[in-house]
Amino acid sequence: MLTNPRRDFFWTKCLEVLMSKIPETAFFTWFTNLELIESEHNAVTIGTPNNFVLDYVSHHYKDTIRQAIEEIMESSVDVSFVNLDKSCNSQYTGTPLFEENDHGVLQDSFTSPALIDKTVLDSTLALNPTYSFDNFVVGDCNQLAHAACTAVAEAPQNNNFNPLVIYGGTGLGKTHLLQAVAHFVKDAETARKVVYRTSEEFTREYIDFVAKKKDSASFYRVYQDTDVLLIDDIQFLAGKKSTQEQFYSIFNNLQQLNKQVIITSDRLPSEIKGLHTRLLSRFDTGLLANLQPPKLEMRLAILRKKQESDNKGFISDEVLSYVANSVASNVRELEGTLIKLSAYACFTQIPVTVEIAKRILGDTIRNENKPITIKKIIRDVSLEFNVPVSHLTSQSRKRNVAEPRQIAMYLARKLTDNSLPTIGLAFGRDYSTVIHSLKKMETVMKTNIEIRDRTDSLKEKILGGFQE
Ligand code: ADP
Ligand code: MG
């Protein structure tokens, strides 16, 4: 084997030429672990860290590598590959096969899937152990998403739905399902490596890499031999052009290798403004599964299930029915309400009756028959944006007041039957100011994703109650 500086110089030159021919992500994914073993009589041997890399590189990049070497050597060459499988090599003194990340989660520090005997779950976040398939209540509203997730978790290599995109409003179980897949794959060892990231974490990691806080090899290596990639809340990639490009490249590599990708989104991906059409069109090739708000019967089933797994204060079925009938806009709020009642029962040791529940929950439960008022909207906007009600109804033109005021006027128009002059009056304005605000909001809702998301979730909150 060549061990002289000339070999190193030659290999560095080869890598430079290759870097100019291959997209950056692919280069860092596949080439940083290669080694030049031999270069004699126009025969070049390249070492790979494992069979997986050997297969991929020899299939996809053999010609590119040969051309790069021929450019440098100015003569024709033969290229062959050899598996170095470093972890079996007694002389190998590099990084250990596994390292623990900050959260104590096992991460592979060196790619050698053939030798991994336990499934690796790589997540920068601690996953919620209760988000399992067993704890997930299935009904009409989530049947397809649940079935697709279990099928994928049981046999990721089948690639029946790839990518699988789960979408639906907040608090409807997207994260629960995605983490259930992670737990299942890990426990049943149906694949060797499963990676879970929220798109925000992915962005953060990518920014660290761009800012050189993280080296490229460790950034790309996470995804290099991933069998199942789980990305939560893809909508946060909207508008982040270069992060999307990186993501697309990783996604593409995995898809070419028939590796499973599951993505969640808070809306139909095509409705996410600022997501590249290239990415969107790839989502269309897989399965899109929607999560809908649960109907009454299922809300009750979810409450019963939660109560079963929660051994705090016991809540009677009558009270559970009352909660299922009247509460909130999603499962998360349903759950929050149950926790509140259980805590009361636990601390006071008094059984919770419907009357007590009504008293404890008070304002948090919206009476379906109670109309939404402009006053309530102003109060909710005030809480959301931390601006006093008196400022919202004042003449102040400061941006931190004017913007929430416009949102409040917009919501008053959308959610109540009040006329423009009446809405104006509630804000101490005339109707023409309301028209101006509504026009402005129509534009903002199309162009400013952050305000749109905030306004939409506020709207959902004010509306409360499930639609039957
Ligand atoms: P999302 O990611 O869609 O915003 P989550 O997955 O975080 O929602 O769910 C919110 C809460 O509701 C979680 O505690 C989750 O366990 C619970 N939940 C949602 N759907 C179900 C379901 N079908 N069965 C049991 N719990 C559910
Ligand atoms: Mg979520």
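The values are calculated or read from the model by the stated rules, or taken from the named source; none is laboratory data. Just so you know, these numbers come straight off a predicted model, no measurement behind them. Because the Cβ atoms are built from the backbone with ideal geometry, glycine has one as well, and the counts that use them run over all protein chains shown. With ligands, DNA and RNA removed, areas are computed over all heavy atoms of the protein, side chains included. Shrake-Rupley method; radii C 1.70, N 1.55, O 1.52, S 1.80 Å.
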For the chain, what % of the accessible area comes from carbon and sulfur atoms, probe 1.4 Å?
51 percent
Local electrostatic count at A426 - Lys and Arg +1, Asp and Glu -1, tallied over other residues with Cβ under 15 Å
+4
Between segment 445-459 and segment 244-301, what is the C-alpha centre distance in whole Å?
20 Å
I'd like the accessible area for M73, computed on protein heavy atoms only with a 1.4 Å probe and all protein chains in place. Round to 10 Å², please.
60 Å²
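Which three numbers, in whole Å and largest first, are the semi-axes of the equivalent ellipsoid of segment 153-304 derived from its Cα gyration tensor as √(5λ)?
Details: eigenvalues 133, 72, 45 Å².
Each semi-axis is the square root of five times an eigenvalue, giving 26, 19, 15 Å.
Set the Förster distance to 45 Å, then compute FRET efficiency between N290 and K13 from the Cβ-Cβ distance, nearest 0.05. Each step should come with its number before you reach the end.
Working: r = 53 Å, r/R0 = 1.17.
E between N290 and K13, to the nearest 0.05, is 0.30.
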Keeping every protein chain in place, order Y131, Y220 by accessible area at 1.4 Å, biggest value first, i.e. largest first.
Y131, Y220
Give, as ranges by residue number, the residues of segment 235-266 whose backbone N falls under 17 Å from the point 7 Å along Cα→Cβ of R452.
235-241, 265-266
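Over segment 205-325, give the accessible area per residue in Å² for a 1.4 Å probe, as an integer. Intermediate results must be reported in sequence, preceding the final value.
On the way: 5370 Å² over 121 residues.
That works out to 44 Å² for each residue.
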For the full complex of protein chains and a 1.4 angstrom probe, list F209, F161 by accessible area with the highest value first.
F161, F209
Convex hull over the Cα atoms of segment 408-468, averaged projected area in nm²?
4.6 nm²
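Before anything else, pin down the relative contact order of the chain: Cα pairs under 8 Å, at least 6 apart, normalised by residue count, whole percent.
Values: 686 pairs, mean separation 55.3, N = 468.
That works out to 12 percent.
State which helices in the chain qualify, where a helix is a whole DSSP H run, it must extend 18 Å or more along its own axis by its Cα atoms, and its mean Kyte-Doolittle hydropathy must be at least -1.0. Could the numbers behind the result be given before it?
Details: long enough: 5-21 (24 Å, -0.35); 174-188 (21 Å, 0.15); 241-256 (22 Å, -1.13); 296-309 (20 Å, -0.61); 331-348 (26 Å, 0.54); 399-415 (23 Å, -0.42); 431-447 (24 Å, -0.17); 449-463 (21 Å, -0.75).
Span-like helices here: 5-21, 174-188, 296-309, 331-348, 399-415, 431-447, 449-463.
Considering only protein heavy atoms, with the full assembly of protein chains and a 1.4 angstrom probe, order R397, R304 by accessible area, largest first. Let's see the in-between values first.
Working: R397 215, R304 105 Å².
So the residues, ranked largest to smallest area, are R397, R304.
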Computed label-point distance, nm, for sites E460 and K21 using a 7 Å Cα→Cβ extension:
4.9 nm
Calculated from DSSP helices alone, with each H run of at least 4 adding -39500 (n - 2.57) and the total divided by the residues of the chain, [θ]222 nm to the nearest 500 comes to -16000 deg cm²/dmol
Let me cross-check E245: its accessible surface, 1.4 Å probe, with only protein heavy atoms counted, in Å² to the nearest 10?
90 Å²
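Applying 1/(1 + (r/R0)^6) with R0 = 45 Å to the Cβ-Cβ distance of R204 and D134, what FRET efficiency is obtained, to the nearest 0.05? Don't jump to the answer; show the numbers that get you there.
Numbers: r = 31 Å, r/R0 = 0.70.
The computed FRET efficiency comes out at 0.90.
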Note the full-extension length gain between S76 and I360 as 0.36 nm times their separation in residues minus their Cα-Cα distance, in nm to one decimal.
94.1 nm
Reported to two decimal places, what Rg/Rh ratio describes segment 285-364 when computed on Cα atoms with Rh from the Kirkwood expression?
1.06
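What number, in nm² with one decimal, is the all-direction average of the projected area of the convex hull of the alpha-carbon atoms of segment 163-221?
That works out to 5.3 nm², a quarter of the Cα hull's surface.
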Evaluate the distance, in nm, between pseudo-label points positioned 7 Å from the Cα of E442 and of A343 along their respective Cα→Cβ axes.
4.4 nm
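If I stretch the segment between F314 and R267 completely, what's the gain in nm (0.36 nm per residue apart, minus their alpha carbon distance), one decimal? The partial results should precede the final answer.
Numbers: separation 47, 0.36 × 47 = 16.92 nm, distance 3.58 nm.
Contour length minus the Cα-Cα distance gives 13.3 nm.
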Give the residues of segment 160-199 whose amide nitrogen is closer than 18 Å to a point set 7 Å from the Cα of N252 in the direction of its Cβ.
163
How many nm is it between the label spots at K241 and K214, if each spot is 7 Å from the Cα in line with the beta carbon?
2.3 nm
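For the chain, compute Rh as the Kirkwood radius over C-alpha pairs and then the Stokes-Einstein diffusion coefficient at 4 °C and 1.567 mPa s; write the answer in µm²/s, rounded to an integer. The partial results should precede the final answer.
Working: Rh = 25.9 Å.
After rounding, the answer is 50 µm²/s.
Kindly provide the Kirkwood hydrodynamic radius of segment 244-344 in Å, to one decimal, from all pairs of distinct alpha carbon atoms. Write down the numbers at each step before the final one.
Values: mean 1/r = 0.0599 Å⁻¹.
That comes to 16.7 Å for segment 244-344.
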On the Cα set of segment 266-320, report Rg and Dmax in Å, please.
18.8, 52
Enumerate the aspartates and glutamates that K446 could reach by cross-link, defined here as Cα to Cα under 16 Å, with residues fewer than 8 away along the same chain left out.
E271, E403, D456
